[in-house]
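Input: a single structure, listed below in structure tokens.
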Amino acid sequence: MPAVTLAGKTYEVDEDGFLQELDKWNAEFAQEYAKEEGIEGQLSEEHWKVINYLRSYYQQFGIAPMIRKLCKETGFDLKRIYALFPSGPAKGACKLAGLAKPTGCV
Amino acid sequence: MDLITLKHEKGLCFSIQVRGHKFLLDMPKESKGEDQGPSPADTLAASLGACMGMHMALYCQTVGLPYEGMEMNLVYNLVEEKGRKRIQTVTVDVILPKDPGPRGAALLRAGENCIVRNTLEQGPQIDVEMTAE
């Protein structure tokens with residue numbers, strides 16, 4: 001099983017880098033992993049709004065929300081989501097949020 | 001109807017020629033391509049967006065609404081059912097240069113009645129024959 005080491009801690013991930021042990025997620029994981037996703041500096045309030053919504057939705061429903069739902073609930077349009085997470089809502093935001101890889105990934 | 005010629009270039013990359021235009025389609029590297037061009041699914045989604053945009057632009061021209069510089073951002077996700085992958089959802093954001101006001105609903109309807117969308121909703125006949133040189 002592949003693994004990533006972030007801030008001295010090792011996390012098991014799948015071949016696409018998605019966290020396998022979902023209960024091991026923490027804010028530090030998201031912040032450190034952000035660098036790997038090309039996000040520079042500290043995660044902003046906007047980043048956390050997306051991450052927290054994804055985590056909340058996933059904890060309630062067991063899946064990632066549809067992109068339109070994510071846009072409406074966060075108030076960010078597609079362009080803003082991609083500006084915040086260059087890899088996109090699935091490969092970028094969901095990965096940082098510690099969700100399992102969304103099934104609709106291209 | 002114009003002839004569209006596709007030619008295998010390398011790996012999964014195909015060149016497409018139609019009416020003097022030439023472009024490449026390929027798969028992303030994570031899908032065993034070399035990313036020399038958009039994927040067929042990218043192009044299909046983009047075609048839908050462009051077709052909708054053109055119809056919206058035509059409507060704007062007709063009723064005198066500003067549309068120059070309009071932007072559309074879209075994403076799609078795939079689903080696999082019974083071993084068959086397809087595009088499940090196409091999510092489109094349309095950004096207009098100015099609020100269309102009361103004509104907004106009609107403008108959206110204009111975008112909904114486009115060739116590509118109508119084709120996707122009904123599904124075309126696809127007739128394939130294969131030969132060897």
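From the list B:Leu107, B:Leu120, B:Leu65, which residue is crowded, with 16+ Cβ neighbours inside 10 Å, more than 21 Å from the chain's Cα centre (by Cα) and touching a residue at least 40 places away in the same chain (Cβ under 8 Å)?
When all the criteria are applied, what remains is B:Leu65.
Look at region B:89-104 and say how many of its residues are in a strand (DSSP E or B), more than 14 Å from the chain's Cα centre (by Cα) and not hydrophobic (A, V, I, L, M, F, W, C).
Counting residues in region B:89-104 that are in a strand (DSSP E or B), more than 14 Å from the chain's Cα centre (by Cα) and not hydrophobic (A, V, I, L, M, F, W, C) gives 1.
So which residues in region A:65-93 are facing chain B (nearest Cβ under 10 Å) and either in a loop (DSSP other than H, G, I, E, B) or under 16 Å from A:Asp16 (Cβ atoms) (or both)?
Within region A:65-93, A:Met66, A:Asp77, A:Gly88, A:Pro89, A:Ala90, A:Lys91 meet the criteria.
I'd like to know if region A:84-93 contains one or more residues that are touching a residue at least 60 places away in the same chain (Cβ under 8 Å), surrounded by 19 or more Cβ atoms within 10 Å (Cβ to Cβ) and within 12 Å of the chain's Cα centre (by Cα).
yes
Take the residues of region B:28-45 that are among the acidic types (Asp, Glu) and over 30 Å from B:Ala105 (Cβ atoms): which is surrounded by the fewest Cβ atoms within 10 Å (Cβ to Cβ)?
Here the answer is B:Glu30.
Among the listed residues A:Ala64, A:Ala30, identify the single one that is touching a Cys at 6+ places or on another chain (Cβ under 6 Å) and surrounded by 13 or more Cβ atoms within 10 Å (Cβ to Cβ).
A:Ala64
Suppose we filter B:Leu48, B:Leu25 for residues that are on the phi < 0 side of the Ramachandran plot, touching a residue at least 60 places away in the same chain (Cβ under 8 Å) and surrounded by 15 or more Cβ atoms within 10 Å (Cβ to Cβ); which single one remains?
Exactly one residue qualifies, and that residue is B:Leu48.
Any idea how many residues of region B:68-104 are touching a residue at least 12 places away in the same chain (Cβ under 8 Å) and charged (D, E, K, R)?
Final tally of qualifying residues: 5.
Just name the residue that is farthest from A:Asp14 (Cα to Cα) out of those in region A:80-99 that are basic (Lys, Arg) and modelled with pLDDT of 90 or more.
Looking at residues that are basic (Lys, Arg) and modelled with pLDDT of 90 or more, I get A:Arg80.
Could you check, for region B:13-21, whether at least one of its residues is surrounded by 14 or more Cβ atoms within 10 Å (Cβ to Cβ), under 21 Å from B:Asn77 (Cα atoms) and in contact with a Phe, Trp or Tyr (Cβ under 8 Å, 6 or more places away or on another chain)?
The answer is no, given that none of the residues of region B:13-21 is surrounded by 14 or more Cβ atoms within 10 Å (Cβ to Cβ), under 21 Å from B:Asn77 (Cα atoms) and in contact with a Phe, Trp or Tyr (Cβ under 8 Å, 6 or more places away or on another chain).
Which ones in region A:25-72 are touching a strand residue (DSSP E or B) at 6+ places or on another chain (Cβ under 6 Å) and free of Cβ contacts under 8 Å to residues at least 24 places away in the same chain?
A:Ile67, A:Arg68
Of the residues A:Glu36, A:Glu46, A:Glu12, A:Glu21, which single one is at pLDDT 90 or above and charged (D, E, K, R)?
Exactly one residue qualifies, and that residue is A:Glu46.
Please pick out the residue among B:Val75, B:Val94, B:Val90, B:Val79 that is modelled with pLDDT under 95 and touching a strand residue (DSSP E or B) at 6+ places or on another chain (Cβ under 7 Å).
B:Val79
Name, by its number, the condition in (1) among the charged types (D, E, K, R); (2) under 18 Å from the mean Cα position of the chain (by Cα); (3) within 11 Å of chain A (Cβ to nearest Cβ) that does not hold for B:Glu30.
(2)
Residues checked against (1) assigned to a helix (DSSP H, G or I); (2) over 17 Å from A:Leu78 (Cβ atoms); (3) within 14 Å of another protein chain (Cβ to nearest Cβ):
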position: B:Gly49; (1), (2), (3): yes, no, yes
position: B:Tyr67; (1), (2), (3): no, yes, no
position: B:Gly111; (1), (2), (3): yes, no, no
position: B:Met130; (1), (2), (3): no, yes, no
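The values are calculated or read from the model by the stated rules, or taken from the named source; none is laboratory data. Just so you know, these numbers come straight off a predicted model, no measurement behind them. With ideal geometry, Cβ positions are generated from the backbone for all residues, glycine too; neighbour counts draw on all protein chains shown.
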